[in-house]
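Notes follow the structure.
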Amino acid sequence: MMGTWFYAATFLGFMLLAARSDAMDLRISNQLTLTMAAGGLLAVGLLDANGATLFAAVLTGAATLAIGWIMFELGWLGGGDAKLAGAAAIWLGPQFTPVFLLATTIFGALLAIVLIVVSRWDRMPDLVGGPWRTRLAADAICVPYAVAMAPAGALAIFAHLSTH
């Protein structure tokens with residue numbers, strides 16, 4: 001049981017680091033997503049020595065990355081967002097990745113709505129400083145999807161914990 005909680009805490013740590021990075025810089029480093037993916041492979045392998053579970057995690061991560069990359073090519077997501085989703089899917093596996101993706105969609109839509117409302121608000125320049133002021137004043141608003149993926153990941157990992 002302790003291993004499962006450590007697994008969840010490590011996953012959430014990666015998600016929070018990515019969310020912070022995306023919120024601050026609208027960028028998620030390749031180093032972070034690669035470390036998260038490798039850590040997920042190691043963690044899945046250590047937590048469940050079943051080769052089928054590890055294989056399913058790899059397939060889930062690859063499929064999620066492929067779909068995310070198509071969305072990136074269509075201009076719907078950033079490349080870091082696609083890679084983060086793929087890395088998260090390794091940790092969550094086929095059972096909990098759909099929960100993560102659905103929750104990401106919902107939290108992402110809510111975040112986009114908030115950003116649009118704030119960008120149209122006359123008092124926005126008084127409340128928001130630095131790079132966010134410039135971002136919100138732009139014609140097209142960039143949504144830092146890692147900010148939406150972090151709570152989505154929390155929901156999915158807690159659903160995972162409830163089954164163990």
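The values are calculated or read from the model by the stated rules, or taken from the named source; none is laboratory data. Note that the coordinates shown come from a computational prediction; the quantities given were computed from them, not determined experimentally. A quick note on method: Cβ atoms are made from the backbone with ideal geometry, for glycine too, and the neighbour counts reach across all protein chains shown. Keep in mind that these areas ignore ligands, DNA and RNA; they rest on the heavy atoms of the full protein, side chains included. Shrake-Rupley method; radii C 1.70, N 1.55, O 1.52, S 1.80 Å.
Yes/no per residue for (1) modelled with pLDDT of 90 or more; (2) over 22 Å from residue 56 (Cβ atoms); (3) in contact with a strand residue (DSSP E or B) (Cβ under 8 Å, 6 or more places away or on another chain):
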| site | (1), (2), (3) |
| --- | --- |
| 80 | yes, yes, no |
| 84 | yes, no, no |
| 100 | yes, no, no |
| 109 | yes, yes, no |
| 121 | no, yes, no |
| 128 | no, yes, no |
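So is residue 32 free of Cβ contacts under 8 Å to residues at least 60 places away in the same chain, of a type in the set (A, V, I, L, M) and within 19 Å of residue 142 (Cβ to Cβ) or not?
On the way: free of Cβ contacts under 8 Å to residues at least 60 places away in the same chain: yes; of a type in the set (A, V, I, L, M): yes; within 19 Å of residue 142 (Cβ to Cβ): yes.
Considered against the rule, which asks whether it is free of Cβ contacts under 8 Å to residues at least 60 places away in the same chain, of a type in the set (A, V, I, L, M) and within 19 Å of residue 142 (Cβ to Cβ), residue 32 comes out as yes.
Tally time: how many residues in the range 27-54 are more than 19 Å from residue 79 (Cα to Cα) and open to solvent by 70 Å² or more (accessible area, probe 1.4 Å)?
Total meeting the criteria: 5.
Take the range 13-26 and flag every residue that is open to solvent by less than 40 Å² (accessible area, probe 1.4 Å) and either modelled with pLDDT of 95 or more or not aliphatic (A, V, I, L, M) (or both).
Answer for the range 13-26, where residues must be open to solvent by less than 40 Å² (accessible area, probe 1.4 Å) and either modelled with pLDDT of 95 or more or not aliphatic (A, V, I, L, M) (or both): 13, 14, 15, 18, 19, 21, 22.
Looking at 92, 77, can you tell me which residue is over 19 Å from residue 16 (Cβ atoms), surrounded by 14 or more Cβ atoms within 10 Å (Cβ to Cβ) and touching a residue at least 12 places away in the same chain (Cβ under 8 Å)?
Working: 92 fails: over 19 Å from residue 16 (Cβ atoms).
After ruling out the rest, the residue left standing is 77.
Search the range 3-16 for residues that are part of a helix (DSSP H, G or I) and pair each with any residue that is of a type in the set (Phe, Trp, Tyr) when their beta-carbon atoms are under 6 Å apart and the residues are at least 6 apart or on different chains.
11/91
Residues 71, 36, 24: which one is assigned to a helix (DSSP H, G or I) and more than 19 Å from residue 152 (Cβ to Cβ)?
None of the other options fit; the residue is 24.
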